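Below is one structure, written out as C-alpha coordinates; comments come after it.
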Amino acid sequence: MEAHISTSEVLSARGIDLFYGQSHAVRGASIALSQGEVVAISGQSGSGKSSLLYCLAGVLPVVGGEVRFEGQPLGTLGDDELSALRRDRFGFVFQHGELLPELTVEENAALPLRLAGQRKAKALAAAGEVLGRLGLAELRERRPSQVSGGQNQRVAVARALVHRPTVVFADEPTGSLDSTNAATVLQEFLSLARSQGTAVVLVTHDPNVAARADIRYTMSDGVLAREQDMA
Ligand SMILES: Nc1ncnc2c1ncn2[C@@H]1O[C@H](COP(=O)(O)OP(=O)(O)O)[C@@H](O)[C@H]1O
Ligand SMILES: [Mg+2]
(Lines give C-alpha, C1' and ligand atoms only; values in the text may rest on other atoms or scores of the structure.)
(Ligands and ions follow the chains in the order given, each with its own letter.)
Protein backbone atom coordinates (compact mmCIF):
# COMPACT_ATOMS: atom_id res chain seq x y z
CA MET A 1 0.00 0.00 0.00
CA GLU A 2 1.16 3.46 -0.84
CA ALA A 3 2.37 5.45 2.16
CA HIS A 4 1.13 8.98 2.64
CA ILE A 5 3.78 10.76 4.58
CA SER A 6 3.66 14.11 2.86
CA THR A 7 1.56 16.82 4.42
CA SER A 8 0.53 18.51 1.21
CA GLU A 9 -2.52 20.71 1.31
CA VAL A 10 -5.57 19.16 -0.31
CA LEU A 11 -8.31 21.63 0.48
CA SER A 12 -8.26 25.27 1.46
CA ALA A 13 -10.69 28.12 1.76
CA ARG A 14 -9.81 31.77 2.16
CA GLY A 15 -12.24 34.40 3.30
CA ILE A 16 -15.33 32.70 1.91
CA ASP A 17 -18.80 34.17 2.24
CA LEU A 18 -22.18 32.60 1.66
CA PHE A 19 -25.51 34.41 1.62
CA TYR A 20 -29.06 33.07 1.57
CA GLY A 21 -30.79 36.18 0.29
CA GLN A 22 -29.93 38.84 2.88
CA SER A 23 -28.81 36.28 5.45
CA HIS A 24 -25.02 36.09 5.78
CA ALA A 25 -24.57 32.42 6.75
CA VAL A 26 -20.78 32.08 6.31
CA ARG A 27 -18.64 35.14 7.07
CA GLY A 28 -15.10 35.23 5.77
CA ALA A 29 -14.24 31.66 6.71
CA SER A 30 -10.71 30.34 6.16
CA ILE A 31 -9.54 26.79 6.68
CA ALA A 32 -6.87 24.47 5.31
CA LEU A 33 -6.61 20.70 5.30
CA SER A 34 -3.63 18.52 4.55
CA GLN A 35 -3.60 14.88 3.55
CA GLY A 36 -4.60 12.59 6.38
CA GLU A 37 -5.76 15.41 8.60
CA VAL A 38 -8.97 15.20 10.63
CA VAL A 39 -10.62 18.54 11.37
CA ALA A 40 -13.60 18.94 13.70
CA ILE A 41 -16.04 21.84 13.50
CA SER A 42 -18.36 22.46 16.44
CA GLY A 43 -20.90 25.17 17.14
CA GLN A 44 -24.51 25.87 17.95
CA SER A 45 -27.38 24.94 15.70
CA GLY A 46 -27.83 27.62 13.04
CA SER A 47 -24.23 28.86 13.31
CA GLY A 48 -23.48 27.92 9.68
CA LYS A 49 -21.66 24.59 9.95
CA SER A 50 -23.66 22.77 7.26
CA SER A 51 -23.48 25.81 4.99
CA LEU A 52 -19.71 25.89 5.38
CA LEU A 53 -19.45 22.20 4.43
CA TYR A 54 -21.55 22.81 1.32
CA CYS A 55 -19.18 25.62 0.32
CA LEU A 56 -16.07 23.52 0.93
CA ALA A 57 -17.51 20.60 -1.06
CA GLY A 58 -18.49 22.83 -3.98
CA VAL A 59 -22.20 22.13 -3.47
CA LEU A 60 -22.97 25.82 -2.98
CA PRO A 61 -20.99 28.55 -4.74
CA VAL A 62 -19.23 31.07 -2.51
CA VAL A 63 -19.26 34.79 -3.20
CA GLY A 64 -16.23 36.34 -1.51
CA GLY A 65 -12.96 34.44 -1.31
CA GLU A 66 -12.27 31.06 -2.86
CA VAL A 67 -12.13 27.35 -2.18
CA ARG A 68 -9.26 25.37 -3.68
CA PHE A 69 -8.91 21.62 -4.10
CA GLU A 70 -5.33 20.49 -4.75
CA GLY A 71 -4.54 24.08 -5.57
CA GLN A 72 -7.32 24.53 -8.12
CA PRO A 73 -10.02 27.11 -7.35
CA LEU A 74 -13.44 25.38 -7.51
CA GLY A 75 -14.85 28.51 -9.15
CA THR A 76 -12.76 27.84 -12.25
CA LEU A 77 -14.31 24.41 -12.83
CA GLY A 78 -17.26 23.86 -15.13
CA ASP A 79 -20.38 22.11 -13.87
CA ASP A 80 -19.33 18.73 -15.28
CA GLU A 81 -15.82 18.99 -13.84
CA LEU A 82 -17.21 19.98 -10.46
CA SER A 83 -19.69 17.08 -10.50
CA ALA A 84 -16.94 14.64 -11.41
CA LEU A 85 -14.72 16.03 -8.65
CA ARG A 86 -17.47 15.65 -6.08
CA ARG A 87 -18.27 12.15 -7.30
CA ASP A 88 -14.74 10.77 -7.53
CA ARG A 89 -12.66 12.65 -4.98
CA PHE A 90 -15.11 13.69 -2.27
CA GLY A 91 -17.29 11.69 0.09
CA PHE A 92 -20.21 13.38 1.78
CA VAL A 93 -22.30 12.33 4.76
CA PHE A 94 -25.30 14.65 4.85
CA GLN A 95 -26.89 15.58 8.14
CA HIS A 96 -30.06 13.71 7.27
CA GLY A 97 -28.65 10.60 5.60
CA GLU A 98 -30.32 10.89 2.20
CA LEU A 99 -30.10 7.29 1.08
CA LEU A 100 -32.02 6.30 -2.03
CA PRO A 101 -35.14 4.48 -0.81
CA GLU A 102 -35.49 2.20 -3.83
CA LEU A 103 -31.97 0.80 -3.48
CA THR A 104 -30.85 -1.78 -0.93
CA VAL A 105 -28.36 -0.93 1.80
CA GLU A 106 -25.48 -2.44 -0.16
CA GLU A 107 -26.55 -0.78 -3.42
CA ASN A 108 -26.66 2.56 -1.62
CA ALA A 109 -23.20 2.00 -0.16
CA ALA A 110 -21.85 0.94 -3.57
CA LEU A 111 -23.28 3.96 -5.39
CA PRO A 112 -20.09 6.06 -5.70
CA LEU A 113 -18.29 3.09 -7.28
CA ARG A 114 -21.16 2.38 -9.66
CA LEU A 115 -21.27 6.07 -10.67
CA ALA A 116 -17.54 5.88 -11.34
CA GLY A 117 -18.23 2.98 -13.74
CA GLN A 118 -17.21 0.03 -11.61
CA ARG A 119 -18.93 -3.28 -12.35
CA LYS A 120 -21.73 -4.29 -10.06
CA ALA A 121 -20.20 -7.39 -8.46
CA LYS A 122 -16.95 -5.61 -7.64
CA ALA A 123 -18.73 -2.51 -6.31
CA LEU A 124 -21.04 -4.58 -4.13
CA ALA A 125 -18.11 -6.57 -2.75
CA ALA A 126 -16.30 -3.35 -1.77
CA ALA A 127 -19.49 -1.99 -0.24
CA GLY A 128 -19.97 -5.22 1.70
CA GLU A 129 -16.52 -4.87 3.18
CA VAL A 130 -17.10 -1.33 4.45
CA LEU A 131 -20.58 -2.25 5.70
CA GLY A 132 -19.05 -5.16 7.60
CA ARG A 133 -16.57 -2.86 9.35
CA LEU A 134 -19.48 -0.67 10.39
CA GLY A 135 -21.42 -3.65 11.77
CA LEU A 136 -24.02 -3.68 9.01
CA ALA A 137 -23.19 -6.90 7.14
CA GLU A 138 -26.50 -8.55 8.06
CA LEU A 139 -28.56 -5.67 6.69
CA ARG A 140 -27.08 -5.60 3.20
CA GLU A 141 -30.21 -6.58 1.35
CA ARG A 142 -32.68 -4.44 3.25
CA ARG A 143 -34.04 -1.11 2.08
CA PRO A 144 -33.35 2.07 4.05
CA SER A 145 -36.95 2.04 5.31
CA GLN A 146 -36.31 -1.38 6.86
CA VAL A 147 -33.41 -0.32 9.10
CA SER A 148 -33.20 2.13 12.01
CA GLY A 149 -32.23 5.80 11.79
CA GLY A 150 -28.81 5.10 13.29
CA GLN A 151 -28.26 2.26 10.82
CA ASN A 152 -29.25 4.55 7.95
CA GLN A 153 -26.65 7.01 9.18
CA ARG A 154 -23.96 4.33 9.20
CA VAL A 155 -24.93 3.26 5.66
CA ALA A 156 -24.46 6.91 4.62
CA VAL A 157 -21.00 6.78 6.23
CA ALA A 158 -20.19 3.59 4.29
CA ARG A 159 -21.28 5.29 1.06
CA ALA A 160 -19.05 8.28 1.80
CA LEU A 161 -16.00 6.06 2.35
CA VAL A 162 -16.42 3.23 -0.17
CA HIS A 163 -14.54 4.91 -3.03
CA ARG A 164 -11.67 6.00 -0.75
CA PRO A 165 -12.12 9.68 -1.48
CA THR A 166 -9.43 12.30 -1.02
CA VAL A 167 -11.65 14.38 1.26
CA VAL A 168 -14.62 13.28 3.34
CA PHE A 169 -17.15 15.84 4.54
CA ALA A 170 -19.30 14.52 7.35
CA ASP A 171 -22.15 16.54 8.82
CA GLU A 172 -22.96 15.22 12.31
CA PRO A 173 -22.24 11.64 11.22
CA THR A 174 -22.61 10.35 14.77
CA GLY A 175 -25.60 12.54 15.65
CA SER A 176 -28.15 9.74 15.99
CA LEU A 177 -25.79 6.99 17.13
CA ASP A 178 -25.25 5.48 20.57
CA SER A 179 -21.75 5.85 21.99
CA THR A 180 -20.57 2.42 20.80
CA ASN A 181 -21.61 3.00 17.19
CA ALA A 182 -20.36 6.58 17.31
CA ALA A 183 -16.95 5.24 18.33
CA THR A 184 -17.02 2.70 15.47
CA VAL A 185 -17.85 5.40 12.91
CA LEU A 186 -15.18 7.73 14.27
CA GLN A 187 -12.66 4.88 14.14
CA GLU A 188 -13.48 4.33 10.45
CA PHE A 189 -12.80 8.00 9.65
CA LEU A 190 -9.58 8.00 11.65
CA SER A 191 -8.27 4.79 10.12
CA LEU A 192 -9.06 6.03 6.61
CA ALA A 193 -7.20 9.23 7.39
CA ARG A 194 -4.21 7.36 8.82
CA SER A 195 -3.98 4.58 6.22
CA GLN A 196 -5.11 6.31 3.00
CA GLY A 197 -4.23 9.91 3.73
CA THR A 198 -7.88 10.91 3.46
CA ALA A 199 -8.60 14.39 4.81
CA VAL A 200 -11.73 14.49 6.97
CA VAL A 201 -13.93 17.48 7.83
CA LEU A 202 -16.21 16.46 10.65
CA VAL A 203 -19.06 18.62 11.92
CA THR A 204 -19.90 17.42 15.41
CA HIS A 205 -21.43 18.58 18.65
CA ASP A 206 -19.90 15.64 20.50
CA PRO A 207 -16.85 16.82 22.50
CA ASN A 208 -15.54 13.23 22.61
CA VAL A 209 -15.50 13.13 18.81
CA ALA A 210 -13.95 16.59 18.49
CA ALA A 211 -11.26 15.64 21.00
CA ARG A 212 -9.97 12.94 18.63
CA ALA A 213 -9.50 15.38 15.73
CA ASP A 214 -6.12 16.83 14.80
CA ILE A 215 -7.47 20.39 14.57
CA ARG A 216 -10.60 21.88 16.13
CA TYR A 217 -12.64 24.83 14.93
CA THR A 218 -15.76 26.43 16.33
CA MET A 219 -18.41 28.23 14.34
CA SER A 220 -20.46 31.06 15.80
CA ASP A 221 -22.86 33.27 13.82
CA GLY A 222 -21.17 32.35 10.56
CA VAL A 223 -17.67 33.05 11.86
CA LEU A 224 -15.20 30.17 11.89
CA ALA A 225 -12.41 30.27 14.48
CA ARG A 226 -9.61 27.86 15.19
CA GLU A 227 -9.50 26.72 18.79
CA GLN A 228 -6.30 27.38 20.64
CA ASP A 229 -4.43 24.16 21.25
CA MET A 230 -4.58 23.14 24.85
CA ALA A 231 -0.91 22.42 25.36
N1 LIG B 1 -31.51 26.98 2.29
C2 LIG B 1 -31.51 27.98 3.17
N3 LIG B 1 -32.16 29.14 2.90
C4 LIG B 1 -32.15 30.17 3.77
N5 LIG B 1 -31.51 30.15 4.95
C6 LIG B 1 -30.84 29.03 5.28
C7 LIG B 1 -30.80 27.89 4.40
N8 LIG B 1 -30.05 26.93 4.99
C9 LIG B 1 -29.64 27.44 6.17
N10 LIG B 1 -30.10 28.69 6.35
C11 LIG B 1 -29.82 29.59 7.48
O12 LIG B 1 -28.42 29.80 7.54
C13 LIG B 1 -27.95 29.75 8.87
C14 LIG B 1 -26.93 28.64 9.01
O15 LIG B 1 -27.58 27.38 8.84
P16 LIG B 1 -26.79 26.01 8.85
O17 LIG B 1 -25.61 26.11 7.97
O18 LIG B 1 -27.76 24.93 8.56
O19 LIG B 1 -26.30 25.92 10.39
P20 LIG B 1 -25.86 24.67 11.25
O21 LIG B 1 -25.51 23.56 10.33
O22 LIG B 1 -24.71 25.16 12.07
O23 LIG B 1 -27.03 24.33 12.12
C24 LIG B 1 -29.18 29.58 9.75
O25 LIG B 1 -29.58 30.85 10.16
C26 LIG B 1 -30.18 28.95 8.82
O27 LIG B 1 -31.48 29.26 9.20
MG1 LIG C 1 -26.25 21.65 10.21
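The values are calculated or read from the model by the stated rules, or taken from the named source; none is laboratory data. What you are looking at is a predicted structure, and each value in this text was computed from that prediction instead of being measured. As a convention, Cβ positions derive from the backbone with ideal geometry for all residues, glycine included, and neighbour counts pool all protein chains shown. In case anyone asks, the SASA skips ligands and DNA or RNA and just uses the protein heavy atoms, side chains included. Shrake-Rupley method; radii C 1.70, N 1.55, O 1.52, S 1.80 Å.
One residue is enough: does the stretch 45-66 have a residue meeting the conditions open to solvent by less than 30 Å² (accessible area, probe 1.4 Å) and in a strand (DSSP E or B)?
No: zero hits.
Give VAL105, VAL130, VAL147 a once-over and let me know the one that is among the aliphatic types (A, V, I, L, M) and within 16 Å of the chain's Cα centre (by Cα).
None of the others qualify; the one that does is VAL130.
ALA32 is checked against (1) of a type in the set (A, V, I, L, M); (2) modelled with pLDDT under 95; (3) open to solvent by 30 Å² or more (accessible area, probe 1.4 Å) and fails just one. What number does that condition carry?
ALA32 satisfies all of (1) of a type in the set (A, V, I, L, M); (2) modelled with pLDDT under 95; (3) open to solvent by 30 Å² or more (accessible area, probe 1.4 Å) except (2).
Could you tell me which residue of the stretch 10-44 is nearest to ligand 2 (Cβ to nearest atom), considering only residues that are outside any strand (DSSP E or B) and more than 21 Å from VAL168 (Cα to Cα)?
Within the stretch 10-44, the match that is nearest to ligand 2 (Cβ to nearest atom) is GLN44.
Taking the stretch 107-136 on its own, how many of its residues are in contact with an Asp or Glu (Cβ under 9 Å, 6 or more places away or on another chain), under 19 Å from PRO173 (Cα atoms) and open to solvent by 20 Å² or more (accessible area, probe 1.4 Å)?
1
Restricting the stretch 67-77 to residues that are of a type in the set (A, V, I, L, M) and surrounded by 19 or more Cβ atoms within 10 Å (Cβ to Cβ), which is nearest to SER8 (Cα to Cα)?
VAL67
Which pairs have Cβ atoms under 7 Å, sit 6 or more apart or on different chains, and link a residue in the stretch 53-81 that is farther than 10 Å from VAL26 by Cβ to one that is among the polar types (S, T, N, Q) and at pLDDT 95 or above?
If the second residue must be among the polar types (S, T, N, Q) and at pLDDT 95 or above, the pairs left are ARG68/SER12.
Kindly provide the set of residues from the stretch 167-180 that are more than 16 Å from ligand 1 (Cβ to nearest atom) and crowded, with 20+ Cβ neighbours inside 10 Å, ordered by number.
VAL167, VAL168, LEU177
With modelled with pLDDT under 95 and either on the phi > 0 side of the Ramachandran plot or of a type in the set (A, V, I, L, M, F, W, C) (or both) as the only criterion, which of LEU103, LEU124, LEU134 stands out?
The match here is LEU134.
Out of curiosity, is ALA116 of a type outside the set (D, E, K, R), modelled with pLDDT under 95 and away from ligand 1 (no atom under 16 Å from the Cβ)?
yes
Of the residues that sit in the stretch 204-231 and are touching a residue at least 40 places away in the same chain (Cβ under 8 Å) and either in a loop (DSSP other than H, G, I, E, B) or touching a Pro at 6+ places or on another chain (Cβ under 8 Å) (or both), which one is surrounded by the most Cβ atoms within 10 Å (Cβ to Cβ)?
Step by step, filter the stretch 204-231, then rank; the result is THR204.
Of all the helices (runs of 4 or more DSSP H) wholly in the stretch 74-179, which have at least 1 residues that are within 16 Å of ligand 2 (Cβ to nearest atom)?
Correct list: 149-161.
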